[in-house]
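Inspection log for the structure reproduced underneath, given as C-alpha cells.
The values are calculated or read from the model by the stated rules, or taken from the named source; none is laboratory data. Being a predicted model, the structure only gives us computed values, none of them experimental. Virtual Cβ from ideal backbone geometry, glycine too; neighbours counted across all protein chains shown. Please note that ligands, DNA and RNA were not included when accessible areas were found on the heavy atoms of the full protein model with its side chains. Shrake-Rupley method; radii C 1.70, N 1.55, O 1.52, S 1.80 Å.
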Amino acid sequence: MGNSTKKRVIRGWTGWMTLCLAFSGAGAAVDANAAGAESRDSKGFRSTLVDSESPNVSPDSGYRSELERIWLMPGASLDARGQGIRRRALALGASNLDSPARALIADMGDEGFLARRQWAVTLAPDLPLAHGAVGSAYWREGEYGKALRHYNESFLSIPRHLEASVWLVGSLLMILAGVLICGSLAFILIEGFLGFARAAHDLGDLISDRMPSFARAALVFSALGVPLLLGEGLLGVGLIFLVMGVMYGGTLDRTVLALAGMGLVVGLYPCLEGSGKLLMSLNADPVASASLALIRGSETPQQLALLLEAERDNDSLVDRTLAVRARRRGADEEAARRFREILGRDSTDQFALTILGNMAFEAGDTEAAIAAYERGRRSGGESAELMFDLSQAYAKVFRMGDGEFAMARAQQINGSAVAEFIGLDDSNFVADPPFPIAPIRSRMIAAASGRPLADAVLKVLAPGRLGEEPRFLAGGLALAFLVGLLAQGRFEHASRCLRCGRRICARCDGEIWSSDLCGACHHLFYKPEETDPMLREARIEVLQARENRLEKTGVIASILLPGVAGMRAQRPDLAFASLLLFMAALLFVVWQEGVVPDPLAVGAGGTFALGVAAVLVSVVYLGVLFSSLISWRRR
Ligand SMILES: [Zn+2]
Ligand SMILES: [Zn+2]
C-alpha cells in the first residue's frame, strides 16, 4: 500500500509540474521573453554601420512591425526611441508594448537604470512588472515612499493585464483551495480524534464490558482501516472521523463540522478546478495565444504561421489580428482590404470603422474619415479613440463646435488616454482603438480545463469512488454526518472526569453522578464528611498538581498547534477559524512568488501583494489565538 500511495503522490506531483511548465511556457510563448527581445535590441545597435541607410521600412524588411523598426532604430538615444515608439504605438492602438518594456527592465547596467525603467512604464502602463521594476529602482536609491507607491501601482495594474490577472486570480484560487481542503480536513480529524477514546470504550461495551482498553482501541483502529482497505484514502478515513466528531461533539461542534464538510467540497471542486482552468488557460488555445502575442508585438514565426493557416477557418479573431498586423507593418492596401472584409461580415464593427477612418484621415481624405467615424459612432457607440479622432477630423474641416463636443465626450470616456493624445500637440494625429482583449481572454478560459489539476489532487486524497464525482463526496459527507447524528442520541456516551481524568461509563460503573465528575471525585469534593481528612488533603494535592501540569502543556500546545486553543476553550468555531487562517498564512508564505511561475508580467508587485496578505492573515490568526486563550481563562 505504501508503494501505491507513493506512486499516487508522484503522479500528483507530475501533474503539478506539468502545470508549472505549461504556465511558464505560456508566458514565454505569449510574449517573447525579455532575453530574446534584448538580443534583437543589441543586434539593432550593432548593425548601425551596416544598414543605417534604410530609414523607411517596407513590409518585408524583416521587422515584425513599424513599432519594432522604430524601437530598433540604429544609433538613436533611449529618449528618442521611446518618444518615437510611444507616439506611433498610440496611433496604432498599441498603448501597451510589453516586449520593449521587458527588454528595458532586463538591462541591469548602472547608467540610466531608473530612466530605463520609467520608460518601461510609459511604453507598457498596464504591465505590473514595469511598475514593480520602477519601485525596486527607487528602493535601491533609498526612496522608500516612492518605491511603495510604485509597488502599489504595480498591484493595482494587475487586473488590467491579461496574463498577470490570470496568474493572480489562479494563484489566489489555488491558495483558497489549499486553505479550505487542509483546514477543513484538519478540523474534522481533530474533532474525530477528540471522540476517539470515548468511541473506543463505547464500541467495546457493545461486545463485552470486560474488554481491555487496548482491544477497544484496536477495534476503532480497524474501523478506521476499512476506508483504506476499500481504497478510499484519506478522505475515506476523514468520513469515519466525521462520524465520531458528530457523535461526541456538542451542538456548536456539529455546526462547525457541517461548515468544514462544505469547505472541503468547495475547496476540492469549484476552487481547485477554477484555479486549474485559469492557470492552464494561457496556452489552452494556441490561436488565441498567437493573436495575443502578435498584438503585444512578440509573435514567433510559428505563431504567425499558425495565424495564417487559421485564416481559412473564418475565425473573426484571426481576421482581426491579421488586419491589425497589416496595419502595423504599414501594408496599407492589405490592411484596408482586410478591415473591409471584416465590415463585409459585420457592417457595424466599430473597431474596423475607426481604423478605416484613421487610414482615410492619414491619407488626407477627411470627409471619408468623418463618414466612417460617424458610422462607427451610430452603430457601436462612442469610444475615447473614436470621439478623439472625430474631433480631430472636424477640426480639419473647421466644424469647431462639433469638434469641441466630440473632444469633451472623448475626455469623459477616458480622460488620461485623451490627455496623452492632446499632449502630442499634433493636428494630424489620430489614434486607433486598442485591440479588444476580452474575447481573447474568454476564448482562452473556455478552451482550458481544470480537471487535470483537480484529478491530480483527488488521486492523492481520495483515490476511490469518493473522488470520482462531486456528488459522491458530498453524499459521503452528508451520510457520515447523518450516521453520527442518528447514533448520537441512541446510547449512553462514555465520558471523562474533569477532575481526575478517569473514564465515566453508565454501563460499567456502579454509580454515576454526572458526565463530568466521577464518583470518587464527587465524594471528595461534595461529601467531605464521608472522607478521611488526611487522605482527602493528599488526594486534592495530587489532583491540583495534575491540573497545573495539564494547564502548562495546554498553553504550550495552544501556542504551537493551531486549533488547540479553540478546542480547549470549547470554541470549535475559533478552532476552525484559526486552522483556516494558519493554513492561509502558511500558503501565502510558501507561494509568495505565486503558485506557478510569473508569466514575466507580474514582478515585484505580486510578491509584495502576497507578502502583505501573509502579514494581514497572520495578524488575524494571532487575534483569534489570543481570544481563544482569553475565552479559556474565562471559562
Ligand atoms: Zn474523577
Ligand atoms: Zn462502559
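To the nearest Å, what is the center-to-center distance of region 518-587 and region 87-130, using C-alpha atoms only?
62
Counting other Cβ atoms within 10 Å, which chymotrypsin sites (Phe, Trp or Tyr not before Pro) in region 476-562 have at most 13 and lie in a DSSP loop? Don't skip to the answer; put the middle values down first.
Values: sites: 481, 491, 513, 525, 526; in loops: 491, 513.
Within region 476-562, the qualifying chymotrypsin sites (Phe, Trp or Tyr not before Pro) (loop, at most 13 other Cβ atoms within 10 Å) are 491.
At 1.4 Å probe size, with no ligands or nucleic acids counted, give the accessible surface of residue 143 in Å², nearest ten.
Probe radius 1.4 Å; accessible area of residue 143 about 70 Å².
Pop out the carbon and sulfur fraction of the accessible area of region 286-446 as a percent, whole number, probe 1.4 Å.
Answer for region 286-446 is 52 percent, counting heavy atoms of protein chains only.
For n ≥ 4 DSSP H runs only, could you compute -39500 (n - 2.57) per run for the chain, divide by its residues and tell me the 222 nm figure to the nearest 500?
It comes out at -23500 deg cm²/dmol, rounded to the nearest 500.
In what order, largest first, do 359, 534 sit by accessible area if the probe radius is 1.4 Å?
The ranking, largest first, comes out as 534, 359.
Among the complete DSSP H segments of the chain, which ones combine at least 30 Å of alpha-carbon extent along their axis with a mean Kyte-Doolittle hydropathy of 1.0 or more? Let's see the in-between values first.
Values: long enough: 2-30 (41 Å, 0.24); 162-207 (64 Å, 1.59); 533-560 (40 Å, -0.07); 604-634 (45 Å, 1.45).
Qualifying helices: 162-207, 604-634.
Select from region 120-212 those trypsin sites (Lys or Arg not before Pro) which occupy a DSSP coil region and have at most 15 other Cβ atoms within 10 Å, ordered by residue number.
Hits after loop and neighbour filter: 210.
Once you order the gyration tensor axes a ≥ b ≥ c over the Cα atoms, which shape class does region 498-557 get: rounded for a/c under 1.5, otherwise prolate or oblate by comparing a/b with b/c?
oblate
Any idea how far apart residue 203 and residue 218 come out in nm if each label point goes 7 Å out from Cα toward Cβ?
1.3
Go ahead and run the numbers for FRET between residue 80 and residue 546, Cβ-Cβ distance against an R0 of 60 Å, rounding to 0.05.
Efficiency at R0 = 60 Å is approximately 0.15.
For the chain, report the accessible area per residue in Å² (1.4 Å probe, heavy atoms, rounded to an integer).
47
Using Cα-Cα distances under 8 Å and only pairs 6 or more residues apart, what relative contact order does the chain have, in percent?
Once divided by the residue count of the chain, the mean separation gives 20 percent.
So, in nm, how far is label residue 398 from label residue 252 when the simple model puts each one 7 Å beyond its Cα toward the Cβ?
Going by the 7 Å Cα→Cβ label model, 8.4 nm.
Hey, can you rank 259-269, 235-245 by average C-beta count inside 10 Å, highest first?
Working: 259-269: 20.8, 235-245: 24.8.
Final packing ranking: 235-245, 259-269.
Could you state the number of Å between the C-alpha centres of region 599-635 and region 279-355?
45
In nm, give the distance between the simple-model label positions of residue 337 and residue 374, each being 7 Å from the Cα along the Cα-to-Cβ direction.
3.1
Report, by chain and number, residues whose modeled amide H sits under 5 Å from the one on residue 504, excluding near sequence neighbours (fewer than 5 apart, same chain).
495, 496, 497
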